[in-house]
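Bear in mind that the values in this text are calculations on the coordinates, not laboratory data. Bear in mind that the values here come from a model prediction, so they are computed numbers and not experimental data. Neighbour counts run over all protein chains shown; Cβ positions are idealised from the backbone, glycine included.
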Amino acid sequence: MYRNGTHRKRKRHYAKFPFVILGILVLIIIIIISSCAGSCTSSQKKETPVATKPKVEDSVKSFNMSVAGDYIIYSTIYNYAQSNAGGSGYDFAPIVKKLRQFTDKCDVNYYDQETVLAASKLGVSDYPLFVSPEEAGQAMVDLGYNLVSSATNHALDGGEEGILTSRKFWNKQKDVFFTGTFSSQEERDKVNILKCNDITYSMLNYTYDTNGIPLEKGKEYLVNVWPTNLEINDPKKDKKYQEYKKQVKKDIDAVRDKVDFLIVAIHAGVEYMPDESAYQDDMAQFLADNGVNLVIGTHPHCIEPARYIGDTLVFYSLGNLLCAQYQDENYNKVTSILSTFTVTKTTKDGKSKITFDNLENNLMYCYYNQAAWSDYLIIPFSDKEIKDYLPEYKSVYNTYKEVFQKLDKNMKMVPCAK
């Protein structure tokens, strides 16, 4: 009994032993796994990069730009263009061909489309209500013009239909920004951001009037009119003019912090006056105070001075790039300025600044055969052929060099041909 009882007791002891060992092993494995898991998590935390605000690198970016004046299509001009095309359609290319030497060197090329391009819908017409062939604009696009203003005193010459037809033409052009007249409030209020060589830019455009043709109530969006009253002739006393500044500031504020470079094209001033008006001065100062980098003036049909207001470059009037107005002894209606320059964006310590470099101002002549009102050609005074079109070109050059540099003698004029 004793031996059997002892044997049974030991048998129960040995039966428990493997479970004890197994429990110990399981505990060890759990500890090892937990330790490893903790170690991996810790390692991952160390390898995860800490999010930091990206540093704005110091840099210098730039693009080349040209600006040209009013492009006005009189009947004698489109008749000549029609003859160039053999009577079918219109060919303006021979008239503007010498502009290519400037546009080919520039990334952004601006001009002012004074007359409405809507002949496909309304037919052509001359002063006082201009409607011009779309081919006139196409010739400029083919040269590389890709920045076009249209808010002028002739913007409503073709009525609403003229503006809508013109917009259809321009909206079909690839990589061309056209502004100043619009087909809807939405189109008018859209904030447009353009880009060239890592510099963002945009342009706004206004005219002083529409030659007394009223905008229909509710359709003020058709043309941007910043009204001036020449009878008052004092911007400080002109309530409508001052009130519209709120709209201009609203337009500027909508885009100013979204672009590096902001342009405003202004169609204003007194016709055939070589000096800027009080309104032009007030507009330029207001735009400069609100952060506009470049002010381009058109409308007076003659050259006016240029200057800087702080860092803002201001052209008060570039004159007529193309027209068919009578030439007087001073040639003021058929001369213009075509400027080229480099827009430079310098970024340092997270702050950017726009400057203008390599500024060159070219005096241009709009030639035509005065006897036949034909053979139109835009030619630079620096072109050696200028003497064949304007024998007294040297004295004319000196006259308008003095006018243009009146407010800033450092405004570089490209020399005329020898």
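Values computed for the structure shown
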read-out	value
Per-residue HN-Hα couplings for the stretch 343-355 [Karplus 6.51, -1.76, 1.60; θ = phi - 60°; Hz; x = Gly/Pro]	8, 10, 10, 10, 10, 8, 6, x, 10, 10, 9, 9, 10
Gain upon complete extension [E220, K246; 0.36 nm per residue less C-alpha separation]	7.8 nm
Estimated vicinal HN-Hα couplings, Hz - the stretch 169-176 in sequence order (Karplus 6.51, -1.76, 1.60; Gly, Pro = x)	4, 6, 5, 7, 6, 7, 6, 10
Degrees, to the nearest 10: 393-404 long Cα axis against longest axis of the chain	50 degrees
Dimensionless Rg ratio for the stretch 68-219, taking C-alpha atoms and the 2.2 N^0.38 Å reference	1.04
Length-normalised contact order of the chain in % [C-alpha pairs under 8 Å, at least 6 apart]	16 percent
10 Å binning of all Cα-Cα separations within the stretch 315-356, expressed as whole percents from 0 upward	23, 29, 19, 17, 9, 2
Chymotrypsin sites (Phe, Trp or Tyr not before Pro), loop per DSSP, at most 13 other Cβ atoms within 10 Å - longest free stretch of the chain	1-271
Modelled FRET efficiency - R0 22 Å, I309 with K412, Cβ distances, 0.05 increments	0.75
Per-residue HN-Hα couplings for the stretch 306-315 [Karplus 6.51, -1.76, 1.60; θ = phi - 60°; Hz; x = Gly/Pro]	10, 6, 9, 10, x, 9, 8, 8, 10, 9
Per residue convex hull volume, Cα atoms of the chain, in Å³	254 Å³
Computed helical MRE - 222 nm, the chain, DSSP H runs ≥ 4 contributing -39500 (n - 2.57), nearest 500	-10500 deg cm²/dmol
Gyration tensor (alpha-carbon) shape descriptor, the stretch 147-215, a/c threshold 1.5	prolate
